[in-house]
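Quick one: this structure, given as structure tokens, is what I'll be asking you about.
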Amino acid sequence: MTAASRSPRRALRILWRIQRMALLALLAHKARSAFVIAAVAMGVAALTVIVASVDGARRKALEIVDFFGPDAVMVLGGDIENRPVGQRIYTLTWADARAVARSLPGAYAVLPMRSIRQITLKYDNRNHESPVVVGATENYARAWNWPLAEGRDLSEEDVARGAKVALIGDEPARQLFGDASPLGRTIMVKNLPVQIVGRLAYRGLSGGGSDVTIDDRIIMPISTLTQRFNLDRKYFRGLRIKFHDPDLIDTHKDNLRALLRHLHHLGPTDNDDFTIISASEILKFLTAFTGGLVAFLGITAGVAIVVGGFVLANLMFLSVSERKAEIGLRKAVGASGAALTAQFLSEALYLTLAGSLAGVALGVALGESLSRLGLLQLRLSPKVFVLSLAAAVVIALVFGLRPARKAAAMDPIEALRGGDD
Amino acid sequence: MNAPADAPAAPAASRARETLIELADVTRTYVMADTPHTVLAGVTLDIAAGEFAAIMGPSGSGKSTLLHILGLLDRPTSGSYRLGGRDTGKLDDDALSRLRNQAIGFVFQSFYLVPYATALDNVLLPGLYSDTPGAALRRRGEALLAQVGLSAQAGHKPSQLSGGQQQRVALARALVNDPDLILADEPTGQLDSATSAEIMGLLATVNREAGKTVIVVTHDQATAAYARRQILVHDGRIAKS
């Protein structure tokens, strides 16, 4: 150590010169090296998948918040969280919507919506089972921050007349029209002929874990839906409200709740008969959903990396005792303890770096198949590489240090005697 | 080996008078199972620069321990060891490593070549831990391999070499840092008599032509006969020098 600290250049030159021998030593023990590389690769692969899926989940959450709108809330009839037995879910009335639009401070858009589920769409001889047909008021696309790929939004006149027009989502448009434009075409929604006036852009979001995409939908004026499909004329399912200032969203929610409780004549001890959802509730739900998976993967990655480290440490101890004669000889010809530590740590580092590169490749392949199965959304970034290289260095230093120090501390006479006779 | 064969007599003689090794009342005691074993019981010995000496003695006489102490691989329990005028007792482990690297070349009975490295890489090994620049080191390694007659085998692994060839590689390795002292521990112990003669001939050349001090530890009379001075160790003491 004293020689090394007296002359850092000398120490660096020795460090550089022993690298070739370190690599030769690894090549001389191919099976053992491959075993360590594989063990480290497992851990790093798990790490890669976890980092990519955390990033993927975060991006998805941000997309959903962006889609929902940070300046909006959704009111649904019925208490979703507590779901009291027998409670009606149709509790929101047109009178509520008008009262909210008239008297809720800060709100600039109040959009009643209702929907019907599992409707067959037909065009020519093609059928498509659409999971949802949404009834909305004017400017649906704008209200949901959802750009139109072509055509126009629903207009005030469409809603007033109960016009037989619709916006079509990307999925049914693809199923019914292929690459051709659906604009101006008339499709059958169940038995009702409806003209397509606009096509929504591809959104590519799926609901938490399900394979139903948000793109699989048809949007019609709420008046048309109510009249033509004989829905209840007094109540509707949901109400979307947009506010001017997203920073005050919590205050807006409190005001809205107070107003609706008043409108529904709820006493102080009664539960809400409606549910208010904002972007933060959706984030909470998503975090809880992906959180379990992330925790599982995190523990797996941690265990796998520790296992990789123990494999490295054990095979290095084996290597040190097998190469006693070499270690004794190196000490005899003037290798300092620091030089021997450096050599064995270098060997460890080469193995863990190779393992980390293999692990990233494995993790990317694993992640691809997981996201193809729809289990996870992954997002690969340079962060993955940086983290796995850091993991390689940490494994090599933490688990390689003890065997390396053991080599450095060997008594050359003992080591040379142990190597022979 | 860099000194010319016909070196002037005067400097060689004056160097011969210089004392390279001074052991003064050196003892070495091991404690095994709570019982102290005295392996060296007070060795006083001077060896001059340029000598070719053989240390002889039956097994258990302490000759190997003496060689380890001379090679700075072991420290005396008491007494002093001066190498080239320096008191080695005051040096720490790293300083001893550097001194071994610079001043001493080792030849062992079982060669101790690194199995996964080529003959040339084995010769260069002590040089890796020295200050010699890489290119000069490589040239020196190649020249030494040529001197021991193994240029053609520079790229061979030890497993592809005969015992005699391996010991010649080890001898070239001992010389790569141009040390003053060559210590050989039973260098012919694993070789047949013809090959032994070859190796001892090379050691004699190293002593005579390069002026290296050579100390051979052996129990073999034929091997010891190459040396000009025989030192007999018995029961941890110098019986005859």
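The values are calculated or read from the model by the stated rules, or taken from the named source; none is laboratory data. Worth saying up front: this structure is predicted, and the values here are computed from it rather than measured. Glycine gets a Cβ as well: all are built from the backbone with ideal geometry, and neighbour counts include every protein chain shown. SASA here: full protein model, heavy atoms, side chains in, ligands and nucleic acids out. Shrake-Rupley method; radii C 1.70, N 1.55, O 1.52, S 1.80 Å.
Ranked by accessible surface with a 1.4 Å probe, highest first, in what order do A:346, B:151 come?
B:151, A:346
What is the interface area between chains B and A, defined as buried accessible area summed over both chains with a 1.4 Å probe, reported in Å² to the nearest 100?
Looking at B and A, the buried total is near 2800 Å².
If you add up the charges near residue A:270, with Lys and Arg at +1 and Asp and Glu at -1, over every other residue whose beta carbon is less than 11 angstrom from its beta carbon, what do you get?
Result for the neighbourhood of residue A:270: -2.
State in Å² the accessible area per residue of the protein assembly as shown; use a 1.4 Å probe, count heavy atoms of protein chains only, and round to the nearest integer.
46 Å²
From the gyration tensor of the Cα coordinates in segment B:117-241, what semi-axes in whole Å does the equivalent ellipsoid have, largest first, with each one equal to sqrt(5λ)?
Working through the eigenvalues yields semi-axes of 27, 17, 12 Å.
Which far-off residues, 5 or more places away or on another chain, put their amide H under 5 Å from the one on residue B:234, with H placed in the peptide plane?
For residue B:234, whose amide H was placed from the backbone, the distant partners under 5 Å are B:239.
Rank A:350, A:123 by accessible area, highest first, at a 1.4 Å probe radius?
A:350, A:123
For segment B:226-236, in order, what is each residue's ³J(HN,Hα) by Karplus, 6.51 cos²θ - 1.76 cosθ + 1.60 with θ = phi - 60°, in whole Hz (x at glycine and Pro)?
Whole-Hz 3J(HN,Hα) from phi for segment B:226-236: 5, 7, 8, 9, 10, 10, 9, 9, 9, 6, x.
Through the Karplus equation 6.51 cos²θ - 1.76 cosθ + 1.60, θ set to phi - 60°, convert the phi angles of segment B:42-48 into ³J(HN,Hα) values in whole Hz; use x for Gly and Pro.
Using θ = phi - 60°, the values come out as x, 9, 10, 7, 10, 10, 7 Hz.
To the nearest µm²/s, what D does Stokes-Einstein give for segment B:166-236 at 4 °C and 1.567 mPa s, using the Kirkwood radius over alpha carbon pairs as Rh? Write down the numbers at each step before the final one.
Values: Rh = 12.6 Å.
Taking Rh from Cα pairs, D becomes 103 µm²/s.
Still on this structure: With a 1.4 Å probe and every protein chain kept in, tell me what percent of the accessible surface of the protein assembly as shown is carbon plus sulfur.
Numbers: 17340 of 30610 Å².
The nonpolar share, carbon plus sulfur, comes to 57 percent.
Hey, with R₀ at 30 Å, roughly what FRET efficiency would residue A:373 and residue A:108 work out to, going by the Cβ-Cβ distance, to 0.05?
0.10
Sticking with this one: As a test of reading the structure, rank A:265, B:234, A:29 by solvent-accessible area (1.4 Å probe, protein chains only), most first.
Largest to smallest exposure gives the sequence A:265, B:234, A:29.
For segment A:270-338 and segment B:40-105, what is the separation of their C-alpha centers, rounded to whole Å?
50 Å
Let's test the formula: R0 of 45 Å, r as the Cβ-Cβ distance of residue A:402 and residue B:19. What FRET efficiency results, to the nearest 0.05?
With a Förster radius of 45 Å, E is 0.55.
Convert each backbone phi in segment B:86-98 into a coupling constant with the Karplus relation 6.51 cos²θ - 1.76 cosθ + 1.60 (shift: θ = phi - 60°), then list the ³J(HN,Hα) values in order as whole Hz, x for Gly and Pro.
Each residue's phi maps through the Karplus curve to give 9, 7, 6, x, 8, 8, 7, 4, 5, 5, 5, 4, 5 Hz.
For a quick check of understanding: with a 1.4 angstrom probe and all protein chains in place, what accessible area in square angstrom does residue B:46 have, to the nearest ten?
80 Å²
Another question, then. Return the single residue from A:126, A:217, A:237 with maximal mean-square fluctuation; model: Gaussian network over chain A, springs between Cα atoms under 10 Å.
Largest GNM mean-square fluctuation: A:126.
Quick one, what does Rg over Rh come out to for segment B:137-183 if you take C-alpha atoms and the Kirkwood Rh? Could the numbers behind the result be given before it?
Working: Rg = 10.4 Å, Rh = 10.9 Å.
Value, to two decimals: 0.96.
Set the Förster distance to 60 Å, then compute FRET efficiency between residue B:239 and residue A:303 from the Cβ-Cβ distance, nearest 0.05.
The pair residue B:239/residue A:303 has a calculated efficiency of 0.40.
Let me know the Rg and Dmax you get for chain A when you use only its Cα atoms, in Å.
Looking at chain A, its Cα Rg and Dmax stand at 32.7, 103 Å.
So what is the diffusion coefficient of segment B:15-151 in µm² per second by Stokes-Einstein at 20 °C and 1.002 mPa s, using a Kirkwood Rh over Cα pairs?
Translational D for this selection: 124 µm²/s.
Using helices alone, what [θ] at 222 nm do you get for chain B, with -39,500 (n - 2.57) per DSSP H run of 4 or more residues, divided over all residues and rounded to the nearest 500?
-10500 deg cm²/dmol
While we're here: Working from the pairwise distances between different alpha carbons, so that the mean of 1/r is found and then inverted, what is segment B:25-100's Kirkwood radius in Å?
13.5 Å
Tell me the accessible surface of residue A:150 in square angstrom (1.4 angstrom probe, heavy atoms of protein chains only), to the nearest ten.
For residue A:150, solvent-accessible area is about 50 Å².
Now for a different question. Mind listing the Cα extents of segment A:232-331 along all three principal axes, in Å, largest one first?
Between the extreme Cα coordinates on each principal axis of segment A:232-331 lie 92, 29, 28 Å.
In segment A:45-199, if every C-alpha pair distance is counted and binned at 5 Å from zero, what percent goes to each bin?
2, 7, 13, 15, 17, 15, 13, 10, 5, 2, 1, 0
In the calculated pair distance distribution of chain B, what percentage of Cα-Cα distances lie above 29 Å?
Counting pairs separated by more than 29 Å, the tail of P(r) holds 28 percent.
Could you list, in their original order, any pairs among A:234/A:284; A:30/B:157; A:331/B:90; A:190/A:242; A:253/A:284 whose Cα atoms are separated by more than 26 Å? Walk me through the numbers on the way to the answer.
Values: A:234/A:284 32 Å; A:30/B:157 17 Å; A:331/B:90 19 Å; A:190/A:242 32 Å; A:253/A:284 16 Å.
Over 26 Å apart, Cα to Cα: A:234/A:284; A:190/A:242.
If Lys and Arg each add +1 and Asp and Glu each add -1, what is the summed charge of the other residues whose beta carbon sits under 14 Å from the beta carbon of residue B:172?
Local charge sum for residue B:172: +2.
Separate question: Once you have all Cα-Cα distances for segment A:125-183, histogram them in 10 Å bins from zero and send the whole-percent values.
19, 51, 29, 1
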